[in-house]
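This report refers to the structure that appears directly beneath it.
The values are calculated or read from the model by the stated rules, or taken from the named source; none is laboratory data. Since the model is a prediction, treat every value here as computed from it, not as a measurement. Backbone-built Cβ (ideal geometry, glycine too); neighbour counts: all protein chains shown. What goes into the accessible areas is simple: the full protein's heavy atoms, side chains included, and nothing from ligands, DNA or RNA. Shrake-Rupley method; radii C 1.70, N 1.55, O 1.52, S 1.80 Å.
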Amino acid sequence: MSTIQTKIPAGTWTLDRVHSTVGFEVGYLAGIFRGTFRDVEVQLDVTDGRARVEGTADVASVDVKDENLAAHLQSPDFFDAERFPELRFVAEDVDLDSETVQVPGEITIKSATKAVEVTGTITAPIEDAWGNDRLGLQLTATVDRTEFGLNWNMPLPTGDQALSNTVTILAELQLVKAA
């Protein structure tokens, strides 16, 4: 496991849900389709020079610009929210030794768990106006949605598919360690 620089104090860091966003983007037709999850939890545990992160997203909280599309994303064609209500990410070896973060972890979607490399940046902790330590993580990962059973697509007149299989997961996180 990695040694954590002293700039990241030991303890449990929890998600500031108001100032954080977890979402996805995927090529669709002639552009990029984006969505977010409103109900997410993330916890970063830093202990004895080691860091672990775990995050979940409630599938029913998927937020897109159309409620019919949100319902389709929750259907068996995509996330199947009734049978698989939660997405999960776990990383046991989080390297916080520099501003660049590389996190080998596992993501679970529809009961399929796959290894994923999450990369991004971390901001040094600051003290907020209420005396809490706060840090920022900006993370991205790319997955093939079909590896998780999200196989729906629509053929176009050209023979191409409307929806890309490559999905980018984006997380803009503010984590807080209580004073």
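Scan the stretch 27-52 residue by residue and report those that are of a type in the set (A, V, I, L, M) and either farther than 30 Å from Pro155 by Cα or touching a helix residue (DSSP H, G or I) at 6+ places or on another chain (Cβ under 7 Å) (or both). Let's see the steps before the verdict.
Step one: list which residues in the stretch 27-52 are of a type in the set (A, V, I, L, M), which gives 29-30, 32, 40, 42, 44, 46, 51.
Those that are of a type in the set (A, V, I, L, M) and either farther than 30 Å from Pro155 by Cα or touching a helix residue (DSSP H, G or I) at 6+ places or on another chain (Cβ under 7 Å) (or both): Val40, Val42, Leu44, Val46, Ala51.
Looking at Ala171, Ala178, Ala129, which one is closer than 20 Å to Asp45 by Cβ and either touching a helix residue (DSSP H, G or I) at 6+ places or on another chain (Cβ under 7 Å) or open to solvent by 60 Å² or more (accessible area, probe 1.4 Å) (or both)?
That would be Ala178, the only listed residue that is closer than 20 Å to Asp45 by Cβ and either touching a helix residue (DSSP H, G or I) at 6+ places or on another chain (Cβ under 7 Å) or open to solvent by 60 Å² or more (accessible area, probe 1.4 Å) (or both).
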>> Among the residues of the stretch 38-50, what is the count of those that are within 12 Å of Leu15 (Cα to Cα), open to solvent by 50 Å² or more (accessible area, probe 1.4 Å) and part of a strand (DSSP E or B)?
In response: 2
> For Val101, all conditions in the list (1) open to solvent by 20 Å² or more (accessible area, probe 1.4 Å); (2) under 15 Å from Ala51 (Cα atoms) hold save one; what is the number of the exception?
Replying inline: (1)
>> With the requirement that a residue be open to solvent by 50 Å² or more (accessible area, probe 1.4 Å), touching a residue at least 12 places away in the same chain (Cβ under 8 Å) and of a type in the set (Asp, Glu), what does the stretch 51-81 give you?
In response: Glu54, Asp58, Asp63, Asp77
